[in-house]
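Novice: Next up is a structure, given as structure tokens.
The values are calculated or read from the model by the stated rules, or taken from the named source; none is laboratory data. The structure presented is a predicted model; accordingly, all values stated were derived computationally and were not measured. All Cβ positions, even for glycine, are placed from backbone atoms using ideal geometry, and neighbour counts span all protein chains on display. Just so you know, the surface numbers come from the protein's heavy atoms only, side chains and all, with ligands and any DNA or RNA stripped out. Shrake-Rupley method; radii C 1.70, N 1.55, O 1.52, S 1.80 Å.
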Number of protein chains: 2
Amino acid sequence: MIKNGRTRKVAEDESKSIRTRERILDSAAYILSRKGYASTRLADVAEHAELQAPAIYYYFKSREDLIEEVMYTGIAHMRANLSNALDALPPEASPMDRILVAVEESLRFELNISDYTTASTRNAGQLPEHLRVRHDKERAAYGRIWRGLFADASEAGQLNPDLDLRAARMLVLGAVSWAVEWWNPKAGSLSTVVRTAQTIVKNGLANSAELPSVPAKKRAAAPRSRRTKTAAS
Amino acid sequence: MIKNGRTRKVAEDESKSIRTRERILDSAAYILSRKGYASTRLADVAEHAELQAPAIYYYFKSREDLIEEVMYTGIAHMRANLSNALDALPPEASPMDRILVAVEESLRFELNISDYTTASTRNAGQLPEHLRVRHDKERAAYGRIWRGLFADASEAGQLNPDLDLRAARMLVLGAVSWAVEWWNPKAGSLSTVVRTAQTIVKNGLANSAELPSVPAKKRAAAPRSRRTKTAAS
């Protein structure tokens, strides 16, 4: 469908406006992750976004509103991404397969939006209560997804019964969440990190009674090939 | 040996002075972990330490000096504790045993000084360069210990050759470091967390070619009993 002149103009303005808003959010995430909540100034955000500071007020009511949105956006997108990836899995995916997909999706997504992730992880404990409401709600929802994954795997007998379920889940989440603090694209590929994380998580959580039945080679390769198939489906 | 009156008085003053200094550091760690570098005010530290703010200057030249010391102290003590624990191990401890001891020591120590740990992890990326010099040096030394542990285990053929050594080490360190953000003494014992972490790390890293030779029960119990023996020696 060909748009007429006026409609196209409105659409262009809208998409430019959306892009500017995103650029402000990206810059705020960048500054917030490095300077922290108390020292994040709109002037620095504006400079990084290559805008005049007052222009920010066209998109956000206040400094606090902008910071609240950064904190919320990162975790909200991460949760939506994880939900979608899990929903897209074929029904025959085992609970352990689903955990390994969650490891991969979370690593890739959090490193892809690393400014938002570090802004959130470094500032979550320092933000005033009223700026944390939406963030904390999303984080809780994200945590519930992981809780469900571990509960399912445990019920299916796929987890080592010696493990404490909560501790195991939080340790895995920690390994994944912390990656944003050390990952450096120049020091190795993201796929290498993902494969290593999946191997540690799979073997680390596995019910050892199940292990001997699967040949070692096949076991290590399983999450990757399964994942590739899923992505293509 | 019985001290005379004057010597005892001096010794008492000294030990009181050391305790006050520690109380200030503890309070600064508490405030710094919750408010962040930019918002940590000496008045809040003094109030938490139940002192008058000017009294702090008797122990620390400036706000920056105090914060620098908090950041340094946490990681320096953690590294010293880890070095000592590893040095105390019997020579027959395998490289994997040493990794598992490092997991236990780091978890116990970081959770024990949790205000210092969160102050350090939440603020490391936000502190001005000149306040990070000693902190970063200690952190690098701490990282080198872990690098050595993994290198030794790899050389001894105890690690799954499918793992990327750097990624594996950083994922394990992440799982351990992140614990301070979620651990709650009311939600379960620290020993449970330690045992779960050791099980995941051991099975997650292990060279699977080695696994079948050790019965599952004995394998899970090994790090604990070895550790207990060491602590008693």
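Novice: When only residues in region A:175-189 that are facing another protein chain (nearest Cβ under 8 Å) and in a helix (DSSP H, G or I) count, which is surrounded by the fewest Cβ atoms within 10 Å (Cβ to Cβ)?
Specialist: Taking the candidates together, the pick is A:Ala187.
Novice: Additional query: Taking A:Thr117 as the residue in question, decide whether it is in contact with a Gly (Cβ under 9 Å, 6 or more places away or on another chain), closer than 22 Å to B:Leu127 by Cα and crowded, with 19+ Cβ neighbours inside 10 Å.
Specialist: yes
Novice: Just one of the numbered conditions (1) more than 7 Å from every other protein chain (Cβ to nearest Cβ); (2) charged (D, E, K, R); (3) open to solvent by 30 Å² or more (accessible area, probe 1.4 Å); (4) free of Cβ contacts under 8 Å to residues at least 24 places away in the same chain is not true of B:Lys202; which one?
Specialist: Here B:Lys202 meets the rest and fails (4).
Novice: Output yes when any residue across region B:206-215 is part of a helix (DSSP H, G or I), more than 9 Å from chain A (Cβ to nearest Cβ) and modelled with pLDDT under 95, and no when none is.
Specialist: The answer is yes, given that some residue of region B:206-215 is part of a helix (DSSP H, G or I), more than 9 Å from chain A (Cβ to nearest Cβ) and modelled with pLDDT under 95.
This table checks each residue for (1) under 23 Å from A:Asn160 (Cα atoms); (2) within 16 Å of the chain's Cα centre (by Cα); (3) not hydroxyl-bearing (Ser, Thr, Tyr).
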residue: B:Leu127; (1), (2), (3): no, no, yes
residue: B:Arg132; (1), (2), (3): no, no, yes
residue: B:Glu138; (1), (2), (3): no, yes, yes
residue: B:Ser154; (1), (2), (3): no, no, no
residue: B:Leu159; (1), (2), (3): yes, no, yes
residue: B:Arg166; (1), (2), (3): no, no, yes
residue: B:Val194; (1), (2), (3): yes, yes, yes
residue: B:Ile200; (1), (2), (3): yes, no, yes
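Novice: Can you pull out every residue in region A:137-170 that is touching a residue at least 40 places away in the same chain (Cβ under 8 Å) and within 13 Å of A:Met78 (Cβ to Cβ)?
Specialist: The answer is A:Glu138, A:Arg139, A:Ala141, A:Tyr142, A:Ile145, A:Trp146.
Novice: Tally the residues that are part of a helix (DSSP H, G or I), at the interface with chain A (Cβ under 10 Å from one of its Cβ atoms), among the hydrophobic types (A, V, I, L, M, F, W, C) and open to solvent by 10 Å² or more (accessible area, probe 1.4 Å), restricting the search to region B:149-170.
Specialist: Total meeting the criteria: 2.
Novice: Taking the criterion of being surrounded by 13 or more Cβ atoms within 10 Å (Cβ to Cβ) and either assigned to a helix (DSSP H, G or I) or of a type outside the set (A, V, I, L, M) (or both), would at least one residue in region B:14-21 satisfy it?
Specialist: Scanning region B:14-21 turns up at least one residue that is surrounded by 13 or more Cβ atoms within 10 Å (Cβ to Cβ) and either assigned to a helix (DSSP H, G or I) or of a type outside the set (A, V, I, L, M) (or both).
Novice: With the condition being under 23 Å from the mean Cα position of the chain (by Cα) and either within 14 Å of chain B (Cβ to nearest Cβ) or surrounded by fewer than 20 Cβ atoms within 10 Å (Cβ to Cβ) (or both), I'd like the helices (runs of 4 or more DSSP H) fully within region A:23-97 carrying at least 2 qualifying residues.
Specialist: Output list reads A:63-87.
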